[in-house]
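Report on the structure given below.
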Amino acid sequence: MTEKNTFYNMLKSNAQNRPDAVAIVYDTMKVTYAKFFEDVTKKALHFQKYDGKRIAIFGPASYRWIVNMFGAIVAGRDLVLIDFFLPHDSRVDLLKKTEVAIR
């Protein structure tokens with residue numbers, strides 16, 4: 001995460017200036033800017049440990065999915081979003097086409 005990462009700076013600014021304001025509303029869940037920034041930053045640090053440049057995310061829509069998506073962006077990784085409802089073979093084919101390492 002660098003100072004040039006303007007998305008990171010926006011999240012950090014909102015967490016500092018409006019920590020208790022609601023950043024995410026998902027179903028019946030409400031998450032503040034402070035909590036969202038904390039979760040995204042932790043995920044970004046986790047993603048920075050990976051050798052690969054690209055991260056693929058697929059799964060049902062959830063708060064965790066949102067954090068993973070923004071964590072990958074803040075970590076400076078290329079992001080591939082894959083439709084959870086695609087058949088397994090189609091998902092694997094997309095991973096290969098986008099050169100995401102399968103682990």
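Within segment 49-103, which residues are hydroxyl-bearing (Ser, Thr, Tyr) and either farther than 25 Å from Asp27 by Cβ or modelled with pLDDT under 90 (or both)?
Filtering segment 49-103 down to residues hydroxyl-bearing (Ser, Thr, Tyr) leaves 50, 62-63, 90, 98.
Tyr50, Ser62, Ser90, Thr98 - these are the residues of segment 49-103 that are hydroxyl-bearing (Ser, Thr, Tyr) and either farther than 25 Å from Asp27 by Cβ or modelled with pLDDT under 90 (or both).
Wholly within the chain, which strands (runs of 3 or more DSSP E) include no fewer than the required count, namely at least 1 residues that are in contact with a Lys or Arg (Cβ under 8 Å, 6 or more places away or on another chain)?
Working: elements: 22-26, 29-32, 54-57, 78-81.
Correct list: 22-26, 54-57, 78-81.
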Inset, instruction - Taking the residues in segment 58-103 that are within 21 Å of Lys35 (Cα to Cα) and aliphatic (A, V, I, L, M) as candidates, determine which candidate is surrounded by the most Cβ atoms within 10 Å (Cβ to Cβ). - result: Ala72
Inset, instruction - Kindly list, by first and then second residue, each pair from a residue in segment 13-33 that is without any contact (Cβ under 8 Å) to a residue 12 or more places away in the chain to a residue that is assigned to a strand (DSSP E or B) and among the β-branched types (Val, Ile, Thr), limited to pairs with Cβ atoms under 6 Å and residues at least 6 apart or on different chains. - result: Lys30/Val22
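The values are calculated or read from the model by the stated rules, or taken from the named source; none is laboratory data. Treat the numbers as computed from the prediction; the structure is a model and nothing was measured. Note that each Cβ is placed from the backbone with ideal geometry, even for glycine, and that neighbours are counted across all protein chains shown.
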